[in-house]
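Below you'll find the structure, written out as structure tokens, and then a few comments.
Please treat every number below as a calculation from the coordinates, not as lab data. Here the structure is a predicted model, which means the values were calculated and not measured. No Cβ is skipped: glycine too gets one built from the backbone with ideal geometry, and neighbour counts run over all protein chains shown.
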Amino acid sequence: MAAKSRIKLEFEWAVQFINNYAEPIPPDTLLKLYAFYKKGNNQGGGPGRKGIPLINAFKTNALIQTQDLSEEEAMKNYIELAKTMGMPEMD
């Protein structure tokens, strides 16, 4: 099994940072994080059937906006967004 790429490790670091983030995150930022996360994990199919229809519509729109990104570009965007929220550099 190949070693994980630096970008994948940094992406996982950013996901952990966001999952433990204690402050409220603005809805527009949450939608961007959601879309970049889904695309970065090759899960860009849609928000699923559960949930509130209006929220699912916003999630779907966020995913549509990332459709032209590669998985790596989505991971990089997620990392950059996490950095703007105070994520420390990975060792």
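Comparing Tyr34, Tyr21, Tyr78, which has the greatest mean-square fluctuation in the GNM of the chain with Cα pairs linked when under 10 Å apart? Looking only at Tyr34, Tyr21, Tyr78, the biggest GNM fluctuation is shown by Tyr21. The 3J(HN,Hα) values that the Karplus relation (6.51, -1.76, 1.60; θ = phi - 60°) gives for region 79-91 are, in residue order, 4, 4, 5, 4, 5, 5, 9, x, 4, x, 5, 6, 5 Hz. Gly and Pro appear as x. Shape analysis of the chain yields a ratio of the Cα radius of gyration to the Kirkwood radius, Rg/Rh, of 0.98.
Using only Cα atoms, tell me the angle between helix 27-40 and the longest principal axis of the chain; keep it within 0 to 90° and round to the nearest 10. The two axes meet at around 70 degrees. Among the listed pairs Lys8/Lys83; Lys32/Lys83; Lys8/Lys59; Lys59/Lys83; Lys39/Lys76, a Cα-Cα separation exceeding 20 Å is found for Lys8/Lys59; Lys59/Lys83.
Taking Asn19, Asn42, Asn61 as the candidate residues, the one with maximal mean-square fluctuation in a Gaussian network model of the chain, Cα springs under 10 Å, is Asn19. Taking Cα atoms only, the orientation of helix 53-64 departs from the longest principal axis of the chain by about 50 degrees.
Measuring nothing but how far apart in sequence close Cα pairs (under 8 Å, 6+ apart) lie, relative to its length, the chain scores a relative contact order of 42 percent.
Just checking the listed ones, Phe11, Phe36, Phe58: in the Gaussian network model of the chain with Cα springs under 10 Å, the one fluctuating most is Phe58. Using only side-chain charges placed at the Cβ, +1 for Lys and Arg and -1 for Asp and Glu, the dipole size of the chain relative to its Cα centre rounds to 420 debye.
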